[in-house]
Amino acid sequence: MKTAVLYGKEDVRLEQRPTPRPGPGEVLLKIKAALTCGTDLKVFRNGGHARMIKPPAPFGHEFAGVVEAAGPGVTSFKPGQRVVGANSAPCGACFFCRKGQPNLCEDLLFVNGAYAEYLLLPARLVRENLLEIPASLSFEAAALTEPLACVVRGAEAAKPAAGETVVILGAGPVGLMFLQLVRGTGAKVVLVGKGDSRLKAALACGAEAALDLDQLSDPVKAAQEKTPEKRGADLVIEAVGRPAAWSQALRIVRPGGRVLLFGGCPAGAEVPLDTRRMHYDELTLLSTFHHTPEAIRKSLSLLAKGVVRPEPLITRQAPLDDLPQILRRMLTQADGVKTAIIP
């Protein structure tokens, strides 16, 4: 089978490898769609990820496909079934799993290799985070289940509400998914980001305003001016993953407001904290990481119900052979959102 392998910084190669056979509890998936994402771009740029993937290793983690074969003991899935899986599965037994925080599992099992013709899914993932795709969803739309599940957890923690003004920093896939969920609550959204096509997508998804970061001399002031009485946002969602954006989020929020620090910054990054403002303005800082089996199921349901639309998020399709050049373009281009890789 053909598969993409990460070897290091900006080094992804397409290789021919033997098609694996599923063992007890495992499922061999024929990939029908694998989506590019910001996390994969970070991994490509940095040459790996401390927890998710260490090169050389198969690459890609947002996927949907058809069961090619099921190993001994698998009774819930059969060949030909349309399925979507998460990129990880908790152990269910460690301290954090017992505390109801499986996203922090001490033995969180990550799965990579979605940019390929076939992907072998381990027994734990088959058991915990493999789901049948509703008939109404395409493979491309279903592949959004994993990233949307992370956004679902963030939205549940931040609790946007009708009548509030929410500022979202970031016009990538995560920012646009947050936008659709927040608009569904009746809140008004101001989005700050880059890329003409992405900002147009934000307006199409219901943003009150989409501010081009490249055209702003003072992003904090520009965002605050779009809020009631220019006091700042009730809620700010940081969906970029850079210290500068974290800092801006803490300054855009109004007194008594909430900030969701969603984007993961590089290890060791630090952000100055105005302790006077934190205390006397009664700010609430929140952060969420990854997803849970419950969030995966909620995410797939939201996609099936049309609460989150895939059209603004998946902007093109491409064959697997084009993946290396697509990743290199993603390093420099702000336009476009997600590409569906079709093996």
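Is it the case that some residue within the range 58-81 is outside any loop (DSSP other than H, G, I, E, B), touching a helix residue (DSSP H, G or I) at 6+ places or on another chain (Cβ under 6 Å) and surrounded by fewer than 24 Cβ atoms within 10 Å (Cβ to Cβ)?
No, the range 58-81 has no match at all.
Which residue out of ASP322, ASP274 is among the charged types (D, E, K, R) and either in the same structural domain as SER136 (by TED's automatic domain parsing) or buried (at least 21 other Cβ atoms within 10 Å of the Cβ) (or both)?
Exactly one residue qualifies, and that residue is ASP322.
Against the definition (in contact (Cβ under 8 Å) with a residue 60 or more places away in the chain, of a type in the set (A, V, I, L, M, F, W, C), under 30 Å from PRO56 (Cα atoms) and touching a helix residue (DSSP H, G or I) at 6+ places or on another chain (Cβ under 8 Å)), how does LEU104 come out, yes or no?
Against the criterion (in contact (Cβ under 8 Å) with a residue 60 or more places away in the chain, of a type in the set (A, V, I, L, M, F, W, C), under 30 Å from PRO56 (Cα atoms) and touching a helix residue (DSSP H, G or I) at 6+ places or on another chain (Cβ under 8 Å)), LEU104 qualifies.
Tally time: how many residues in the range 29-57 are buried (at least 21 other Cβ atoms within 10 Å of the Cβ) and over 21 Å from the mean Cα position of the chain (by Cα)?
1
Which of the residues belonging to the range 159-172 are hydrophobic (A, V, I, L, M, F, W, C), over 13 Å from GLU208 (Cα atoms) and crowded, with 23+ Cβ neighbours inside 10 Å?
Selection gives LEU169, ALA171.
Suppose we filter GLY170, GLY175, GLY154 for residues that are at positive phi, in the same structural domain as ILE237 (by TED's automatic domain parsing) and either touching a Leu at 6+ places or on another chain (Cβ under 9 Å) or of a type in the set (A, V, I, L, M) (or both); which single one remains?
So the residue among GLY170, GLY175, GLY154 that is at positive phi, in the same structural domain as ILE237 (by TED's automatic domain parsing) and either touching a Leu at 6+ places or on another chain (Cβ under 9 Å) or of a type in the set (A, V, I, L, M) (or both) is GLY170.
Just wondering, is there one or more residues in the range 57-70 that are touching a Cys at 6+ places or on another chain (Cβ under 7 Å) and at pLDDT 95 or above?
yes
Condition first: under 26 Å from ALA33 (Cβ atoms) and over 20 Å from the mean Cα position of the chain (by Cα). Can you find one or more residues in the range 169-176 that meet it?
no
Return only the number of the condition from (1) touching a Ser or Thr at 6+ places or on another chain (Cβ under 9 Å); (2) farther than 18 Å from VAL308 by Cα that LEU169 does not satisfy.
Of the numbered conditions (1) touching a Ser or Thr at 6+ places or on another chain (Cβ under 9 Å); (2) farther than 18 Å from VAL308 by Cα, the odd one out for LEU169 is (1).
Here are VAL182, VAL174: which of them is in a helix (DSSP H, G or I), free of Cβ contacts under 8 Å to residues at least 60 places away in the same chain and closer than 21 Å to HIS291 by Cβ?
Being in a helix (DSSP H, G or I), free of Cβ contacts under 8 Å to residues at least 60 places away in the same chain and closer than 21 Å to HIS291 by Cβ holds for just one of VAL182, VAL174, which is VAL182.
Which residue out of GLN325, GLN317 is part of a helix (DSSP H, G or I) and of a type outside the set (Phe, Trp, Tyr)? Please lay out each step first, then the result.
Working: GLN317 fails: part of a helix (DSSP H, G or I).
One residue alone meets the criteria, GLN325.
For the structure I just gave you, tell me whether GLY92 is modelled with pLDDT of 95 or more, in a loop (DSSP other than H, G, I, E, B), on the phi > 0 side of the Ramachandran plot and touching a strand residue (DSSP E or B) at 6+ places or on another chain (Cβ under 7 Å). Give the derivation first.
On the way: modelled with pLDDT of 95 or more: yes; in a loop (DSSP other than H, G, I, E, B): yes; on the phi > 0 side of the Ramachandran plot: yes; touching a strand residue (DSSP E or B) at 6+ places or on another chain (Cβ under 7 Å): no.
Considered against the rule, which asks whether it is modelled with pLDDT of 95 or more, in a loop (DSSP other than H, G, I, E, B), on the phi > 0 side of the Ramachandran plot and touching a strand residue (DSSP E or B) at 6+ places or on another chain (Cβ under 7 Å), GLY92 comes out as no.
The values are calculated or read from the model by the stated rules, or taken from the named source; none is laboratory data. Remember, it's a predicted structure, so these values are computed and weren't measured experimentally. Quick reminder, even Gly has a Cβ in these numbers, built from the backbone with ideal geometry, and neighbours come from all protein chains shown.
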